[in-house]
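Visitor: I have a structure I would like to understand better, so I am pasting it below and will then ask my questions one at a time.
Rule-based calculations on the coordinates, nothing more; no lab input. All values reported here derive from a predicted model rather than from experimental measurement. Methodologically, a virtual Cβ is constructed for each residue, glycine included, from the backbone with ideal geometry; neighbour enumeration extends over all protein chains shown.
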Amino acid sequence: MTYRRLIFSLAALLLLGLIAVPTAARAQVEQDAPNAPADIDTDGDGLSDADEAIYSTDPDKYDTDGDGFGDNFEVVNGSDPLNPNGPDGPNPGLDTDGDLLSDEQEAEIGTDPTKPDTDGDGLTDFGEVGFEPGSSTGTDPLKFDTDDDRLSDGFEVKEFGTDPTLADSDEDGLGDGDELEIHQTDALNPDSDGDGFSDGDEIDAGTDPLDPDDFPGAVDESVLLVEVRILPVDYQGNDYVGDSEPLPNVGLTVADSDFTTDATGRVVVGGLPEGNIAVTLGVPGDFADFLTFYGNDFIPEPRQHEGQNTNSTVVYIAPDETLYGTFYVIPADARGDDPAPAPSPAPQPQQPTTPVKALPSTGAVVATASTNSGVTLALIVSVGAILATMGVLGFARRRA
């Protein structure tokens, strides 16, 4: 019994020792930082205020030594959170924000190693200043709008397609931001309407950079757009637009200049002066009938013109006007007219006939159909009589 009691006493002493040691260590920490509960992190750097008391860092500063790295980050990576230039700097291969730039590289550039996009422009720090060939946009990772065109670097690269390092990507004299927000022109095309004048020149001249008919020097000149369409064979309706098709590769003469309709059946002639303009379609008049119309966007009624509904017309065009004309071609066999009656055959001349002389009468009677029938009946009756007689004779002979 004494031996068994001794064993229980030793076990109790060992258990009391295991409990007392951690309690003493905790009391020492609380003595060093009596006012710092273990779960409070005032500066949000990942170190509790109690731990900051242990490392002598400032619990009110995320980065006590101001080297760009949080206190907890330096403690975890083995650097000195109290020495911004000490030999125990951060791990050169560490990338805290995952932007493919190491924290050491970001410290050299000046970007925030805890933010993948320091300037918030939509491009990562690495994307703006990547150290690998072709990995950089050439933009400033510390500037939201590198080229000062009022468009963020990320918007220009990812959505608009313009150059974030050039304020005027297409070099037409208008900034990218002005083209998008003010003029609605194409920031990647120096001549948005294709009239031969840059967007910037048109803005300076007061013309519309989105209207190909409005350009510098075109104020006193007019434009004629002629369309040629053909109707189907045997057409008899009145929906000329819906039932017709473009007629390409047809000659058209406008004011003594020759043109050919394109695949859409159109010809556009610019630089016309005010006055009467002759318009002739290269389709012979004996081949087809025609319907002709002229007008503009401002007057709903068709414009009167000479040679209406023929292949040769003359129409008035006003100064600085865009006039539209249409020729509808109706082939000759598609007019809807009734077909002409076929000509009657010419009467054949009759040959003269020689009179027939009457033959002298012989007293013979010409047999008719009724006479022939009577003869046939008589023959049948005779044959029947003969057969009957032969039968009677044969019967009489057998009786004898």
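Visitor: What nm value, rounded to one decimal, do you get for the distance between ASP234 and ASN309 when each label is placed 7 Å out toward the C-beta?
Guide: Between ASP234 and ASN309, the simple spin-label model gives 2.4 nm.
Visitor: Starting from the amide H of ASP163, placed 1.01 Å from N in the peptide plane, find each other amide H under 5 Å away whose residue is 5 or more places distant or on another chain.
Guide: Those qualifying (amide H under 5 Å, at least 5 residues apart or on another chain) are SER169.
Visitor: Rounded to the nearest 0.05, what FRET efficiency do ASP258 and ILE182 have when you use their Cβ-Cβ distance and R0 = 41 Å? It would help to have the intermediate numbers written out before the result.
Guide: Working: r = 43 Å, r/R0 = 1.05.
For ASP258 and ILE182, the calculated efficiency is 0.45.
Visitor: Listed highest first by mean packing, meaning other Cβ atoms within 10 Å per residue, what order do 108-121, 303-316, 238-251 come in?
Guide: With the highest mean Cβ count within 10 Å placed first, the list reads 108-121, 303-316, 238-251.
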